[in-house]
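Asks: My questions will all concern the structure given below.
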Ligand SMILES: *Cc1c(COP(=O)(O)O)cnc(C)c1O
């Protein structure tokens, strides 16, 4: 595939290369046949390479580029206990020679002895990050820790999920990469579906397609917010901020968020998700996780079964990663 030419708005921004790009675009041949609907594809952003991969790596290229340009020595970021963003930040900091401080909140009511030591937490520590946990009710504790870390002028703060208008540029690049890959493979991209939580992935994709005047429906599967409108507004605001940063006059398309697949709540597995994960594993040899990508997979399968796609559509499931936490959820699979 021909290398992507960087548009002017990206050329002058510091970017610290972390990801192995382009990530593969693969036909889900067996799953497409089984469901007997449109052709289904998977964009493998679980294979971005660094620190076992995932969607935060593309955002971190811009965020760490900025941190290094500003002379930062220490990166501070936030997330839930099993945050994939935290783990990818830890790996990126290891590569960049930066100290990494992870402030993780116990916000998921899932009891398994491995939850605070296994999966992503194990990897956070392996990459040399300093990990601190806070109870969800202890917002003062978290605030104090942040204030203390902020006192050091060499600290660089990254918001949860890396989702600001700088991080989201990683998904502008991804949107362009994906559209090029589809046309080189010989089809017109019509739908992208993915797990959405801190809005940066969806906002970046929406901004990329708006700027290029591509008519692509991006369906964000809400896996985090109690009220899906919170996510919808956040994606719209962020997409507008990103387009402005790009110097684009384009308006973002209407934001589509689906709330039907969150199950019992954020990072809590349900049977629909574990059986969808089993289906993809058995038919395609692929692994999805119960908190994020597995819920997007569930949505994809259900939307096909509901007949919500045209047979001529080409639907791309963006695999955002998250597989690192699957062992922590082993109990949910045994319950099926
Ligand atoms: C963070 C994350 C998402 C959601 O991406 P956002 O940009 O935060 O909306 C989806 N899947 C996985 C595995 C993630 O870690």
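Any read-out appearing in this document is the output of simple, stated calculations on the displayed coordinates, not a laboratory observation. Keep in mind that what you see is a predicted model, and the values were worked out from it rather than measured. Glycine gets a Cβ as well: all are built from the backbone with ideal geometry, and neighbour counts include every protein chain shown.
Asks: I want to check the label-to-label distance for residue 11 and residue 249. Put each point 7 Å from Cα in the C-beta direction and report it in nm to one decimal.
Replies: Calculated label separation equals 2.1 nm.
Asks: Going by the alpha-carbon gyration tensor, a ≥ b ≥ c the square roots of its eigenvalues, is the chain rounded (a/c under 1.5) or, if a/c is not under 1.5, prolate (a/b greater than b/c) versus oblate?
Replies: Oblate, because a/c is 1.5 or more while a/b does not exceed b/c.
Asks: Another question about this same structure. Take the alpha carbon atoms of region 271-330, find their center, do the same for region 81-109, and report the distance between the two centers in whole angstrom.
Replies: After rounding, the separation between the Cα centres reads 25 Å.
Asks: Next question. With a 10 Å radius around each residue's Cβ, average the other Cβ atoms per peptide and rank 131-143, 297-309, highest first. Don't jump to the answer; show the numbers that get you there.
Replies: Details: 131-143: 13.3, 297-309: 19.4.
In decreasing order of mean packing, 131-143, 297-309 become 297-309, 131-143.
Asks: Further, regarding this structure: Ignoring everything except DSSP H segments at least 4 long, calculate the 222 nm mean residue ellipticity for the chain; use -39,500 (n - 2.57) per segment, divide by total residues, nearest 500.
Replies: -12500 deg cm²/dmol
Asks: For a quick check, take a GNM of the chain with Cα springs below 10 Å and name the residue from 74, 33, 234 with the largest mean-square fluctuation.
Replies: Residue with maximal mean-square fluctuation among 74, 33, 234: 33.
Asks: In what order do 232, 56 fall by count of nearby beta-carbon atoms within 10 Å, going from fewest to most?
Replies: Ascending number of Cβ neighbours within 10 Å: 232, 56.
Asks: Normalising by the residue count of the chain, find the relative contact order in percent from Cα pairs under 8 Å and 6+ residues apart.
Replies: Working: 670 pairs, mean separation 71.2, N = 336.
Answer for the chain is 21 percent.
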